[in-house]
Every structure is written in structure tokens, then in C-alpha cells.
1. Does region 75-91 hold any residues that are part of a strand (DSSP E or B), more than 11 Å from the chain's Cα centre (by Cα) and either closer than 9 Å to Phe37 by Cα or modelled with pLDDT under 85 (or both), and which are they?
2. Pick out the one residue from Leu57, Leu12, Leu72 that is among the hydrophobic types (A, V, I, L, M, F, W, C), at pLDDT 85 or above and either open to solvent by 30 Å² or more (accessible area, probe 1.4 Å) or under 14 Å from the mean Cα position of the chain (by Cα) (or both).
3. Inside region 16-32, can you point out the residues that are buried (at least 16 other Cβ atoms within 10 Å of the Cβ) and touching a Lys or Arg at 6+ places or on another chain (Cβ under 9 Å)?
4. Which number in (1) open to solvent by 30 Å² or more (accessible area, probe 1.4 Å); (2) more than 25 Å from Glu73 (Cα to Cα) marks the one condition that Gly41 misses?
5. May I ask you to list the residues in region 101-130 that are among the aromatic types (Phe, Trp, Tyr) and either part of a helix (DSSP H, G or I) or surrounded by fewer than 12 Cβ atoms within 10 Å (Cβ to Cβ) (or both)?
6. Only residues that are over 12 Å from Ser77 (Cα atoms) and either charged (D, E, K, R) or at pLDDT 80 or above (or both): list them for region 22-35, please.
Amino acid sequence: MHDLPQDARAALGALAERRRMPQAMQVFDAAPNSLLFLYSGQISFFAEEEPHRPVELARHGPGTMLGLRSVLENKPSEIQAVAHQECEIGVIRADDFKHFLEKFPVGYRAIARILGCELQSVYAMLRQQP
């Protein structure tokens, strides 16, 4: 959401509660029903190809936003995300984020761009599969 106007960015930042997350912690267990921003560290995303055998899909660093779709859809995340190393995150409760969007509708354009980029990433991964 880097392309938001300064006042909207400041309002969004003021909603974030900063927390430390230890290595190997399940990200969405730490802050259910919340939007998360990664300030430092790395998060690994996993899928279970076989029971009890997770496969790392991607690893992301600072600047990553987590949980957007689950907050917008009001349901738990379907992806496993684990702190690859100690992280500092910003946590915004889902209700607070939705109130932010009511006050700053420009946020919807940023969401559309984020979801569009995610969709392009999924298409790229699918094209690489044999």
C-alpha cells in the first residue's frame, strides 16, 4: 500500500500494533483475523503436497502484506505461513482495516493492484509446472 496518499498511509500505520514473532511461529496463529505487515525478517509460505510434508512455495521479506484475502473474505487463511527467522510485524485487526477503507476509499485501488499482482504470480507458477 505504498502508493496511498500520505494521510491514508499515516492513518493505516497508526492502526498497526508492532509485535515480535519468534522463528518457526505460525504467522496466522499469532494474529488471527488480522492484516499483517512484515517490517523485518522473512516469512516462508508452505503448501502440503502430501500429508505432513510441507513444500516451501515462496519466501518474502520486509514490505510484505499478509492476510489480505482472508480479512476481506472474513475467513481463515488457507496458506501456511511460518516465520523463517525472528520477525517484526505490524498487526491491524480486520474490523479496524475495514473502517480504514470506509474512511479512505482510495485503499480499494491499492487492494486491486495487490490482488492483481498475486494473480500474476500464481499464473507464473502454474506455467512453470510440468
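1. Gln80, Glu88 - these are the residues of region 75-91 that are part of a strand (DSSP E or B), more than 11 Å from the chain's Cα centre (by Cα) and either closer than 9 Å to Phe37 by Cα or modelled with pLDDT under 85 (or both).
2. Numbers: Leu57 fails: at pLDDT 85 or above; Leu12 fails: either open to solvent by 30 Å² or more (accessible area, probe 1.4 Å) or under 14 Å from the mean Cα position of the chain (by Cα) (or both).
Step by step, each of Leu57, Leu12, Leu72 is checked, and only Leu72 is among the hydrophobic types (A, V, I, L, M, F, W, C), at pLDDT 85 or above and either open to solvent by 30 Å² or more (accessible area, probe 1.4 Å) or under 14 Å from the mean Cα position of the chain (by Cα) (or both).
3. Listed by number, the residues that qualify are Ala30, Ala31.
4. Here Gly41 meets the rest and fails (1).
5. Here is the first cut: in region 101-130, the ones among the aromatic types (Phe, Trp, Tyr) are 104, 108, 123.
Matches in region 101-130: Tyr108, Tyr123.
6. Just the residues of region 22-35 that are over 12 Å from Ser77 (Cα atoms), to begin with: 22-25, 30.
Correct list: Pro22, Gln23, Ala24, Met25.
The values are calculated or read from the model by the stated rules, or taken from the named source; none is laboratory data. Just so you know, these numbers come straight off a predicted model, no measurement behind them. Backbone-built Cβ (ideal geometry, glycine too); neighbour counts: all protein chains shown. Heavy atoms of the whole protein, side chains included, go into the accessibility calculation; ligands, DNA and RNA do not. Shrake-Rupley method; radii C 1.70, N 1.55, O 1.52, S 1.80 Å.
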